[in-house]
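Remarks on the structure that follows.
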Amino acid sequence: MLLRVLMNFFDGQGYVQYLSQVAPTVSQYSSNHTLRISLTTSSTDGLVLHTVGRDRSSVTLQLWKGFLRYGFTTPDGRTNWIHNSGNISDNNLHSITIRKAGYTGYLSVDTTTSASVNFTMGHRGSPFDNIIYAGGLPSDLASAQRPFLIGCIGKIVVDQQTLPANNAAMKFWSRINFGNVTTSCTALTIYTPYTFLDTSSHMTFNSLSPSFTLSFSFRTVHYGFGIELISLARLPTQLNPFYVSIEFGKLSVKFIGTQDIFLFETSVTDGVWHQFTLNVVNDRFTATLDGKSKALIFLRGSDQIARPTIIIGRSSGTGFKGCIRDIKINQVRVNIDDGNVTKNSVIKNGCTVSNLCYPVSPCFNNGICSMVDNTFRCDCDISRPYQGQYCHLYRYKKSCHDHFQSDTRNLSNNYMIDPDGPYGSNLPFTVYCDGRSPSDTVATHNNTLQRNLRPIAANVGPGKAVTPLGYLATTNNINQRGNTISIQQLSALAKVSDRCRQDLSFTCRQALLLNSPGQPYIWWISQDGRRMKNWAGAPSNSSKCACGVVNNCYNKNKSCNCDSFANRVLEDRGTLNDKRYLPIKELHLGLSQITNSTFASYDIGNFICSGPAQPSNIITLSSTTHGLLINDWGKYFKTSIQFYFKTQVSAGTLLSYKGLSFDYFTIKMSADQFELRYNYGHTVSDSKIVVRRPSQGQLFNNNQWHMVKIQFFPGIASLQIDRLPIRNHINLHGIQNHRFTNINGPLIIGSNLIGQTGFAGCIGDLIIDYKLLDLPNLAARPGQKGLRSGCADACYNKPCKHNNPCSGDLFSFTCNCSQSSYTGSTCSYVKGASIAGDGYIQYTSPNVNFVSGQQHHNILFSFVTTESDIALMTINASNIYLGFSLRNGRIMYSINSAIVQLPLTVNDGVKHNVTIVPSNGSLAVDGVVLYTSEVNTISSLQNGVIRLGNINNSPTSSFCVDNVSFASVRILDIAFNIGRPSNIIIHTNRRNPSSRVYENVCFDKLTRPPPSYWSSFPSTRPTATSGSISPPVAQTVDPGVIVAIVIVVVLILGAIGTFLIFKYRSHNSGEHNITDVDSTKFSMEYIDITYRNSDRNGDTNGYHLADHKDKVSSNGSSSAKKKEIHL
């Protein structure tokens, strides 16, 4: 009571003015200023303080709808407000501090502090150095928005200077009272409200005369129908013919038994004080609410309610709940506490009615908040696409998958979806979501039927006929066309989907398609306008069709069936599945020429997207000491934060925030649980939510993506991990709008907030209330450390080519190429073999038919060498012989009895591709057919032995071979893969150091390996496979030794050459020819190279080629005479 005696009472009509007596010096100006004041009131609106600085800056401290707000206005007129969410209109004493500290303003009420950043816009002047008004304003400054105060104000302290308590001048300040301002707060007791505790509460007293005036103030949030506020009853029957009630928030005045009724339009259930007056003169009733009057003349005279009993609250139905004060009859205040007033469930105290719609509405996106009893209701703006309890949920899902995931009870129907959300540039569009395939979102188009390309002159030429696709929504009615969907809308759908696909086919007869490597005649345009160089079923821009990928096109030398230009109906069909380029925007078609047999048609399937996309907007935090600060996230935040993470660390803090009002939250994870700890800034203790891993569930640090979603609503917070049940925590505190209402600090990703361990791992797709933040761009800002764009677990970006498995951690990866045809650090190079000296790879084949129906099995390989004389590949079986070697750098090709040397030099260090078709004996090198035979053909192979390299090759010789395919068997894959079978032999001579066979990549002088081939990722070498022999380590050799070796080699080669010439001349004489070679096409030198196996290395699998040929000749298969040169 002592404090209240020292306070000044303001009756709603007076105010106090304080004037500064001393102009501050420049040195006294500071960016930090503080004002302290104490306040007692039950008023919900009124001006507490208003200051005007010498620089025209000002501060306003104001009661507003039962709460306190503090506004600072800069000299140029910009105002920023801070609201305190505690109910201050409770007739209790409250201590208030307003502070301006640099760029931040603070408002503290008792123990609750609210704050705002950028509050002063850098202003350094003082708003407290000139004039301070308390309780009201002069007429030239007063307004309806700033009514005078009814209440008591205690001691005011400005920057440690106490303002005068009466009309006296002090050293620094003087004071002047205007109106009725007293220095005692005892007068406030007459304004003490009475609280009606429940719907049975009421008070009753007599009017004393038929004509009277009743006035009082009331405050409530009791929303409903037929809530009795005032009843007038007559004695002795106590019937209540006259009512004032609250009908769904509005005040209604009516006379029972008549049609007379009046409804005030103003809502009265908003928790603020409303003034009501009822004036009764005979049969005229005048009701006034907050200054707005309505006169009613009832058919029944006042004698029916002569000297009525006045009932405030419940009469016979549902009574009023709330607060009443200042009751007067004929302008005389009624003493509620004397014996003439009957009370039931009514107490005299500070009114605790709170309007949950203020000071900050809990309804988002223009939703209208209204009180319903002791809670609130949000009526969402129908013109905006939001719904939910707080109008916070975006009405449209991203896809049909999201639609069915949100509620499995949803039925198949037409639905609006919006893939890029409310912040995107595309409008929502309608699709038909089919519950039979709930993961798929389908868009059809205007060319779904198979169409023919007419063989007319206008269509001759590459891409002459252009077919644009107009996409449409699918519907549940096959006879109904859906709405048009733009390419941009479908592109947005592709981005948020895990996978998308679109079928595409071309049927032809003598009509070209891609025509690779020449000019394509048909192509498709991607969603972003690119001209695509692939057909369905082949990788993007590969210049292939599906058959070209697996090398089974009708013409083996073509990449598409239709490119064979065959006079038969062929088809190239497949599915496009690179969602970066889908959907198809246009199809360009053309004919190379028109023949009597030309036919072409095409078919384009629907565009189908499935599932949710994996996180793509990703950053990596490389250590627990680094983080990313996001300062402006508050402009998007309403209720929710969602993100994905993956890590292998045992624990860490993923996300944190710390505001200026002691509000904060932090999300921590460990292998087994998640914890959300938070404080809205208005409570003494922290709140906590914990989600634990199910006993059989995956660990949270298993290096897989996990989803985290937190939501903050008034009085409740929630935490969800993946698809585990949502955990909620309800905050049962008497604080208004118990949630984060004023974000004024940064959001910290991956760093710690109050000493916890930080986070190392990947964070992706951070979404603040439907706004996807650009994390890579934020991480790329200057000064950021320990952050990288993308996920450091490089396996996420699929670095291992050709679908080979990848393993690794945040900082390194390993590609396992062992079970594929590829090698290298990323399995991007075709697996080859380097063969040196007398080393070789031998494959024993089962019986093979090279012709099976219409299918021909070929022999393929590629090689690189600079050797002049070397055996590269031989095939020996009981019924055939085939060899491919070099003599003087030229190709020597042997098939059965035919042995030819082709005039093509191939020891040029460039890779050459060889195709042998045993069924017709043909040989093609680099796509050019060099030899065919109608006699020497091979239809089958029995117990064949295929050898790459030869035991009789020169000790210094070497070559590299890859893409070896024998009747579709990839020999090198078998040779170097783990678990090499017994029919593969890798031979090296341990006594001959030059004899080597090892897995390698056949780079040539035109395709040198990049410097990073093996060295850029030391930890990412391909996994070694059993059966592979690593290349020897290079050693330094003395130059003198090299010279000596060269001299010895020259002498040996000279001796061998002399011996061979002598042998050749003495052994061969007469005429020689090749019976099955067209001499008009080739000028060839007939040479029979015989590699004799001396078995010097104990090799029992060597050949004697001459003996084999003698056997063939004795059977009469060839009449050619033979020349033998023994190397």
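The values are calculated or read from the model by the stated rules, or taken from the named source; none is laboratory data. Quantities reported herein were computed from a predicted structural model and do not represent experimental measurements. Cβ sites come from the backbone with ideal geometry, for glycine too, and all protein chains shown count toward neighbours.
List of remarks:
- Residue match in segment 811-825 (condition: closer than 30 Å to G627 by Cα, without any contact (Cβ under 8 Å) to a residue 12 or more places away in the chain and of a type outside the set (F, W, Y)): no
- Inter-residue pairs, beta-carbon under 6 Å, first on the phi > 0 side of the Ramachandran plot and in segment 83-105, second of a type in the set (K, R), 6+ apart: none
- Taking the criterion of being in contact with a Lys or Arg (Cβ under 6 Å, 6 or more places away or on another chain) and not polar (S, T, N, Q), the residues of segment 125-169 that qualify are D129, V157, P164.
- Just one of (1) surrounded by fewer than 22 Cβ atoms within 10 Å (Cβ to Cβ); (2) in contact (Cβ under 8 Å) with a residue 60 or more places away in the chain; (3) part of a loop (DSSP other than H, G, I, E, B) fails for I584. It is (1).
- Scope segment 553-581; condition assigned to a loop (DSSP other than H, G, I, E, B), touching a residue at least 40 places away in the same chain (Cβ under 8 Å) and under 40 Å from the mean Cα position of the chain (by Cα); matching residues: S559, C560, N577, K579, R580, Y581
- Checking S412, S345, S354 one by one, the residue that is within 30 Å of F205 (Cβ to Cβ), of a type in the set (G, A, S) and surrounded by fewer than 20 Cβ atoms within 10 Å (Cβ to Cβ) is S345 and no other.
- Unique residue being buried (at least 16 other Cβ atoms within 10 Å of the Cβ) and not assigned by TED's automatic domain parsing to the domain that holds Q450 when the list is I630, I608, I604: I630
- Segment 820-835, residues that are farther than 17 Å from V964 by Cβ and either out of contact with any helix residue (DSSP H, G or I) (no Cβ under 6 Å at 6 or more places or on another chain) or not small (G, A, S) (or both): G824, T826, C827, S828
- Y471, sole failed condition from (1) of a type outside the set (K, R); (2) buried (at least 20 other Cβ atoms within 10 Å of the Cβ); (3) over 30 Å from the mean Cα position of the chain (by Cα): (3)
- If you filter segment 46-68 down to residues that are under 46 Å from the mean Cα position of the chain (by Cα) and not polar (S, T, N, Q), you find that the one that is farthest from V353 (Cα to Cα) is V59.
- Yes/no for N452 being polar (S, T, N, Q), assigned by TED's automatic domain parsing to the domain that holds A492 and in contact with a Ser or Thr (Cβ under 6 Å, 6 or more places away or on another chain): yes
- From G755, G764, residue being out of contact with any Gly (no Cβ under 7 Å at 6 or more places or on another chain), small (G, A, S) and either modelled with pLDDT under 80 or loosely packed, with under 15 Cβ neighbours inside 10 Å (or both): G755
Condition check ((1) of a type in the set (S, T, N, Q); (2) closer than 30 Å to C553 by Cβ) across all residues:
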residue	(1), (2)
L772	no, no
A780	no, no
Q784	yes, no
S812	yes, no
S820	yes, yes
K831	no, yes
P846	no, yes
F850	no, yes
H856	no, yes
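- Taken together, the criteria place F674 among residues that are out of contact with any Ser or Thr (no Cβ under 6 Å at 6 or more places or on another chain), of a type in the set (F, W, Y), surrounded by 17 or more Cβ atoms within 10 Å (Cβ to Cβ) and without any contact (Cβ under 8 Å) to a residue 60 or more places away in the chain.
This table checks each residue for (1) touching a Gly at 6+ places or on another chain (Cβ under 9 Å); (2) under 21 Å from P805 (Cα atoms); (3) surrounded by fewer than 19 Cβ atoms within 10 Å (Cβ to Cβ); (4) at pLDDT below 70.
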| position | (1), (2), (3), (4) |
| --- | --- |
| F966 | yes, no, no, no |
| L972 | yes, yes, no, no |
| F976 | yes, yes, no, no |
| R991 | no, no, yes, no |
| Y1013 | yes, yes, yes, yes |
| S1019 | yes, yes, yes, yes |
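- Test: residue in segment 475-483 that is closer than 20 Å to S610 by Cα and within 27 Å of the chain's Cα centre (by Cα): no
- Selection within segment 500-543 - in contact with a helix residue (DSSP H, G or I) (Cβ under 6 Å, 6 or more places away or on another chain) and either free of Cβ contacts under 8 Å to residues at least 24 places away in the same chain or among the basic types (K, R) (or both): none
- Every residue from segment 928-953 that is farther than 27 Å from A836 by Cα and part of a loop (DSSP other than H, G, I, E, B): T932, S933, E934, V935, N936, T937, I938, S939, Q942
- Among the candidates T189, T213, residue that is out of contact with any Leu (no Cβ under 8 Å at 6 or more places or on another chain) and either closer than 23 Å to K328 by Cβ or surrounded by 15 or more Cβ atoms within 10 Å (Cβ to Cβ) (or both): T189
- Scanning segment 954-999 for residues that are in contact with an Asp or Glu (Cβ under 9 Å, 6 or more places away or on another chain) and not hydrophobic (A, V, I, L, M, F, W, C) yields S954, P955, T956, S957, S958, H987, T988, N989, N992, S994, S995.
- Considering residues of segment 380-408 that are in contact with a Cys (Cβ under 8 Å, 6 or more places away or on another chain) and in a strand (DSSP E or B) only, the residue farthest from D418 (Cα to Cα): Q387
- Residue in segment 678-691 that is of a type in the set (K, R), in contact with a His (Cβ under 8 Å, 6 or more places away or on another chain) and either at pLDDT 90 or above or assigned to a strand (DSSP E or B) (or both) present: yes
Listed here are the residues, each with its yes/no results for (1) surrounded by fewer than 19 Cβ atoms within 10 Å (Cβ to Cβ); (2) in contact with a His (Cβ under 7 Å, 6 or more places away or on another chain).
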site	(1), (2)
N366	yes, no
D373	yes, yes
D381	yes, no
R384	yes, no
G388	yes, no
H392	no, no
K398	no, no
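- Verdict on L393 being closer than 30 Å to L68 by Cβ, modelled with pLDDT of 85 or more and not β-branched (V, I, T): no
- Residue ID - farthest from F607 (Cα to Cα), chosen from residues in segment 490-514 that are over 17 Å from the mean Cα position of the chain (by Cα) and part of a loop (DSSP other than H, G, I, E, B): Q510
- Residues within segment 418-445 that are aromatic (F, W, Y) and touching a Lys or Arg at 6+ places or on another chain (Cβ under 9 Å), tallied: 1
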